[in-house]
Every structure is written in C-alpha cells, then in structure tokens.
Amino acid sequence: MTKTVVVIYSGGMDSFTLLHRALAQGLNVHALSFDYGQRHVRELDCARTVCQSLSIPHKVIDIRSLSAVMAGSALTSEAEVPEGHYEEDSMKATVVPNRNMILLSLATGYAVTAEADAVWYGAHGGDHAIYPDCRPDFVEKMDAVCRVANYQPVAIEAPFMGSDKGAILAEGLRLGLDYSQSWTCYNGRARACGRCGSCVERLEAFEANGVKDPLPYEVDA
C-alpha cells in the first residue's frame, strides 16, 4: 500500500521542495496550509497555485482566531521585521509562540482523518539557532507524542532536519523545480525585500548553488 503523508505546506521554499520530494518518492500527498495572520500571507497564494497545478488535495485552515495566544511576533503584528542573518539575536522577534506545536497538532488530527501515516514539515538545520520548534529534540518529542495521542499512530517527520537551505535548494534544482512558484520573504510586499533573515538565507542558498533566484527583489539580488 502506498504511504500517505500530510505535508505542512506554507508555500515557502523549503516546504515547496519537501512537497515535491514526497511526490518524487511516490507518496500519496495531502497538502495542508495555515493562515495564522502572517504578514507574508501571499505565500498561501503560491501554495494554492502549486497544488492546483499538481492536482493534489490541499486544505488551507484559518486559525487567525488563535492570534491572541500566538501574539508578540514581528510576523503577525505591525512590528518591524528585523533585517540581517538568522544567527543574529534580533531574529528572535520572528518567533511565533508555539507555532509548530499548534500546527503539528492540527496536522496530526487531519492525518488521522485522512488515514495518513505521517506528517512532514520543513524544519531544517538553518532554523536551529533561532527556532526551538525546529530543533531535533522538539521533533523527536512531538513524534513520540503523536504516535500515542490517537488510536492511529502518526509519525512526525522533518526530512530536512540535517540539511541547510543550500542543500535543500540543490535537491530542488535536481528535481527541476521552478522557485518562482515559492515565496520566502517575511514582508508581504510586491517584491521580496532581500534584507530580512528569510530573504538573506534564501539568497545565500542560491549563491551557494551558482544560480540566480527567479524572484523579483527590492534590492539588487
């Protein structure tokens, strides 16, 4: 029987690659996206367009009503998005409280409903410095909990946990992916800013692979 997975698909570069890895492995994929009030909500438009083109099941869940318990992040407020590299302490302003625990819990419920074996999400090695819910210890403990939380065990898997963004991009390029179909910038403007931590890391990945990013930028990328 073909393994079924729920892929948490934000519409960003990492989850875009993860979605296609699952498809390339011949898995039965259900894509799940969340609107949690992120200022870069245009990533969800990318997710919808890609899933429609691939003809795969895709649900977008509106959890903006939870904003009161997920407050204080520059990604969900009027606070200025910090610029610079992810390793800088200022990037902690982009942490959304308990986001991945909430999203993984909801995705696990959907996995039980869809009779899926696992939930995949795109946490990777470059996230470890700033985001506690993208570290191996968190994934291991969420996996253990979700295997016993229902009658049907659901695995929590982060296939890119040992990879950085450059390696993730390299895999996507081997798969022939078009990264103009993804959105990474934390600002939701017409062009990517090129200065926030998410843009900086994305541009570094393209540079490391000797390829120009197809997205338009406010600064010369």
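Any read-out appearing in this document is the output of simple, stated calculations on the displayed coordinates, not a laboratory observation. Bear in mind the structure is a predicted one, so any value in this text is a computation, not a measurement. Note: ideal-geometry Cβ built from the backbone for every residue, glycine included; neighbour counts use all protein chains shown.
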Original post:
Computed on alpha carbon atoms, what radius of gyration and Dmax characterise the stretch 3-59, expressed in Å?
Top reply: 10.7, 34
**OP:** Identify the chymotrypsin sites (Phe, Trp or Tyr not before Pro) of the stretch 149-216 meeting these criteria: DSSP loop state and at most 10 other C-beta atoms within 10 Å of the C-beta.
**Re:** 151
**OP:** Quick one: P(r) of the stretch 176-217 from all Cα-Cα pairs, 10 Å bins, percents rounded to integers, in order of increasing distance.
**Re:** 30, 60, 10
